[in-house]
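Reading through the structure tokens given below for one structure.
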Amino acid sequence: DSYKRKTQIVAEAEIYRKVLRLHVIADSDSPEDQSIKLSVRDAVLDVIPDILGECRTYDEAKTALADENNQAVLLAAARERLKELGAGCDAAITLGEEYYPTREYDGVRLPAGKYTSLRIVLGSGSGKNWWCVMYPNLCFANSMYEVDAGSGEKLREVLDPKEYASVLQKGNYQV
């Protein structure tokens, strides 16, 4: 049992180095600011394929997101949407390590820990947030924490068998 737990810890540590997350944080918890957050998220998700579309590895995706020109494109998409909506706040973008709690959805479990994250903060950033797994691409514009039918295969492509088993710990995810 101790060996199994150590193996799981190692697998989880590897997951942190193979998954990139997108994190969008609203200016406040007001319904208007929450709606603005989701609209900005959609604008950013619209340009992500242009930036990450050719990336085949975590390192390629991280390098693409760290590129100043690509960050400028993402920030411009966020700011343009804020302008269209008449929002009275700005957006800021950073790429760095960020702690996330354990999340489970449709049998896919991402362990708590520090992940590399593209963080888009709207205004004061004191509102509720939205996040998704950006690499491999498990982001969908319509809600929070989604995984589609192809997500298991996307994860299988970037994780080794032990890591993949750790993510699909419940065993009820159909691939």
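Working carefully through the options Ala87, Ala78, find the one that is under 16 Å from Asp27 (Cα atoms) and not in a helix (DSSP H, G or I).
Ala87
Filter the range 112-127 down to the residues that are in a loop (DSSP other than H, G, I, E, B), in contact with an Asp or Glu (Cβ under 6 Å, 6 or more places away or on another chain) and surrounded by 13 or more Cβ atoms within 10 Å (Cβ to Cβ) and list them by number.
Gly123, Gly127
Within the range 74-122, track down each residue that is touching a residue at least 40 places away in the same chain (Cβ under 8 Å), acidic (Asp, Glu) and touching a strand residue (DSSP E or B) at 6+ places or on another chain (Cβ under 8 Å).
Passing the criteria: Glu98, Glu104.
Would you check if Ala66 is modelled with pLDDT of 90 or more and open to solvent by less than 80 Å² (accessible area, probe 1.4 Å)?
Answer is yes for this residue.
Any residue that is open to solvent by less than 20 Å² (accessible area, probe 1.4 Å), modelled with pLDDT under 95, of a type outside the set (Val, Ile, Thr) and more than 29 Å from Gly123 (Cα to Cα) - is there at least one of those in the range 4-11?
Yes.
If I filter the range 74-85 for residues that are open to solvent by less than 40 Å² (accessible area, probe 1.4 Å) and closer than 16 Å to Leu138 by Cβ, do I get at least one hit?
There is no residue in the range 74-85 that is open to solvent by less than 40 Å² (accessible area, probe 1.4 Å) and closer than 16 Å to Leu138 by Cβ.
When the range 97-111 is examined, which residues are found to be open to solvent by 30 Å² or more (accessible area, probe 1.4 Å) and either over 21 Å from Asp29 (Cα atoms) or not in a loop (DSSP other than H, G, I, E, B) (or both)?
Within the range 97-111, Glu97, Tyr99, Thr102, Arg103, Glu104, Asp106, Arg109 meet the criteria.
The values are calculated or read from the model by the stated rules, or taken from the named source; none is laboratory data. Quick caveat, the model's predicted, so the values are computed rather than measured. For neighbour counting, all protein chains shown are included, and Cβ atoms are generated from backbone atoms with ideal geometry for every residue, glycine included. The protein model used for the area step is the full one, side chains on, heavy atoms only, and it has no ligands, DNA or RNA in it. Shrake-Rupley method; radii C 1.70, N 1.55, O 1.52, S 1.80 Å.
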